[in-house]
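Structure first, then comments.
The values are calculated or read from the model by the stated rules, or taken from the named source; none is laboratory data. Bear in mind the structure is a predicted one, so any value in this text is a computation, not a measurement. Backbone-built Cβ (ideal geometry, glycine too); neighbour counts: all protein chains shown. Areas reflect the complete protein model, heavy atoms only, side chains present, ligands, DNA and RNA absent. Shrake-Rupley method; radii C 1.70, N 1.55, O 1.52, S 1.80 Å.
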Amino acid sequence: MVAIWRRMSGVALGLLIVDLVGALLLTVVTPSFTSTYNLFITGRDFSILLLVALAQMIVLAVGQMNLSIGAIGGLVAIVESGLMVSYDTPVVIAIAFGLVLGAACGAVNGLLIHWTKVNSFILTLGTSYVFAGINLGITHATPFYHIPGAVASFGQARIGAFPDIAIVTIVLAVALAVFLRQTVLGRQLLAVGGNPVAAALSGLPVRRVIMTAHGISGFFGAVAGTLLMAQLGEGQPTIGVTWILPSFAGPIIGGAVLSGGSAPLLGTVFAMVLVSLISDGLILVNANPYWVQFFVGALILGGVLLGRVRAVGVRDVFRLKSTAPPVTDRPAEEPVPRRPAEQK
């Protein structure tokens, strides 16, 4: 515990303090916050959204983005539920196929980005529509009802206030932390994100690293889609539609740098706790739930600004007058070389 406390970044520590203060305030203002059922609902939703945030965090670590996380999660949920409902496929086989499909979709994103050199924002935006189109083509916007009871029961199971699906999230989060800190590929991933040119000149396998990051992102999105399908008890075509905001909220508020090279796992966890507290608190005080987007958006902007301040300093961020030399369309005049004196 002491080692974890020492390794905790300033952003993560600040978020932890804010989370504790926020939980205390909600306990005082609305005693129903600590009820077993409310903690179960909050923890269940948090477990799924944390996977979504970690899926984005691992891609941000290499200096890229993945806008197709929600589409991958929705496609996987539809494929899994369709196999189980329409073809009586065993649960284990259907879920395993769906998770492999999610990882493959992510790896395809990474491969296309590396081959085409197209910006990850544009490319994953395009693939998100491809995956969503396959989803709608399979379902015609009609859910798959009556998934096996074992899957639906797992989505609602709990031990007191602790949801069973949180076990999956904890195991994957710990595995991701070990991967980033203890494996060669994990360290290469952060090196490529920090300086891809230097990494390539050093002989690091840049293509494999990018495909791995996007493959992990797709796998985490697939797990999130599977858990949400189990929670709902049906394969909804709309699964993953609203994941864009929370996917960026967690890592950016948690201290991730958009240029890559950092993977603040603890910061992402505490940031998602803060987002869950805001969402749950507004519901408990009977406030307009649509204000959640406002607060989360403001937190994202604050996280980006704070990261910029840490990178270049307060003066450079708020400097209004540029110190760079003026740019002109006329090229600078070169001095005319003098001819040597002619000999008589």
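Considering only residues in the stretch 223-257 that are outside any helix (DSSP H, G or I) and of a type in the set (S, T, N, Q), the one that is nearest to PHE270 (Cα to Cα) turns out to be THR242. Just one of the listed residues (ALA161, ALA157) is under 30 Å from THR34 (Cβ atoms) and touching a residue at least 60 places away in the same chain (Cβ under 8 Å), namely ALA161. Restricting attention to the stretch 78-116, the residues that are among the polar types (S, T, N, Q), part of a helix (DSSP H, G or I) and more than 18 Å from ASN66 (Cβ to Cβ) total 2. For the stretch 80-120, the set of residues classified as in contact with a strand residue (DSSP E or B) (Cβ under 8 Å, 6 or more places away or on another chain) and open to solvent by 40 Å² or more (accessible area, probe 1.4 Å) consists of VAL85, SER86, listed by residue number.
Being surrounded by fewer than 19 Cβ atoms within 10 Å (Cβ to Cβ), touching a residue at least 24 places away in the same chain (Cβ under 8 Å) and in a helix (DSSP H, G or I), is that true of even one residue in the stretch 140-148? No.
Could you list, in sequence order, the residues of the stretch 34-67 that are in a helix (DSSP H, G or I) and of a type in the set (Gly, Ala, Ser)? Selection gives GLY43, SER47, ALA53, ALA55. Any residue that is in contact (Cβ under 8 Å) with a residue 60 or more places away in the chain and touching a strand residue (DSSP E or B) at 6+ places or on another chain (Cβ under 7 Å) - is there at least one of those in the stretch 121-137? The answer is no; no qualifying residue exists.
Yes/no per residue for (1) surrounded by fewer than 18 Cβ atoms within 10 Å (Cβ to Cβ); (2) closer than 13 Å to HIS114 by Cβ; (3) at pLDDT 95 or above; (4) among the hydroxyl-bearing types (Ser, Thr, Tyr):
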position: ALA191; (1), (2), (3), (4): no, no, no, no
position: GLY203; (1), (2), (3), (4): yes, no, no, no
position: ILE210; (1), (2), (3), (4): no, yes, yes, no
position: ILE216; (1), (2), (3), (4): no, no, yes, no
position: VAL223; (1), (2), (3), (4): no, no, yes, no
position: ALA230; (1), (2), (3), (4): no, no, yes, no
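Of the residues GLY133, GLY126, GLY73, which single one is part of a helix (DSSP H, G or I), under 21 Å from PHE219 (Cβ atoms) and open to solvent by 20 Å² or more (accessible area, probe 1.4 Å)? Spell out how you get there, then give the answer.
Numbers: GLY133 fails: under 21 Å from PHE219 (Cβ atoms); GLY73 fails: open to solvent by 20 Å² or more (accessible area, probe 1.4 Å).
Result: GLY126 is the single residue among GLY133, GLY126, GLY73 that is part of a helix (DSSP H, G or I), under 21 Å from PHE219 (Cβ atoms) and open to solvent by 20 Å² or more (accessible area, probe 1.4 Å).
Of the residues making up the stretch 292-305, those that are of a type in the set (Val, Ile, Thr) and open to solvent by less than 40 Å² (accessible area, probe 1.4 Å) are VAL292, VAL296, ILE300. Of all residue pairs spaced 6 or more apart or on separate chains, those with beta-carbon atoms under 9 Å, a first member in the stretch 96-110 that is farther than 14 Å from ALA213 by Cβ and free of Cβ contacts under 8 Å to residues at least 12 places away in the same chain and a second member that is in a helix (DSSP H, G or I) and open to solvent by less than 40 Å² (accessible area, probe 1.4 Å) are VAL100/ALA222. From the list ARG319, ARG310, the one residue that fits, being open to solvent by 80 Å² or more (accessible area, probe 1.4 Å), modelled with pLDDT under 75 and part of a helix (DSSP H, G or I), is ARG310. Could you list, in sequence order, all residues of the stretch 266-291 that are farther than 18 Å from ILE17 by Cβ and either open to solvent by 30 Å² or more (accessible area, probe 1.4 Å) or not in a helix (DSSP H, G or I) (or both)? Of everything in the stretch 266-291, those that are farther than 18 Å from ILE17 by Cβ and either open to solvent by 30 Å² or more (accessible area, probe 1.4 Å) or not in a helix (DSSP H, G or I) (or both) turn out to be SER279, ILE283, LEU284, VAL285, ASN286, ALA287, ASN288, PRO289, TYR290, TRP291.
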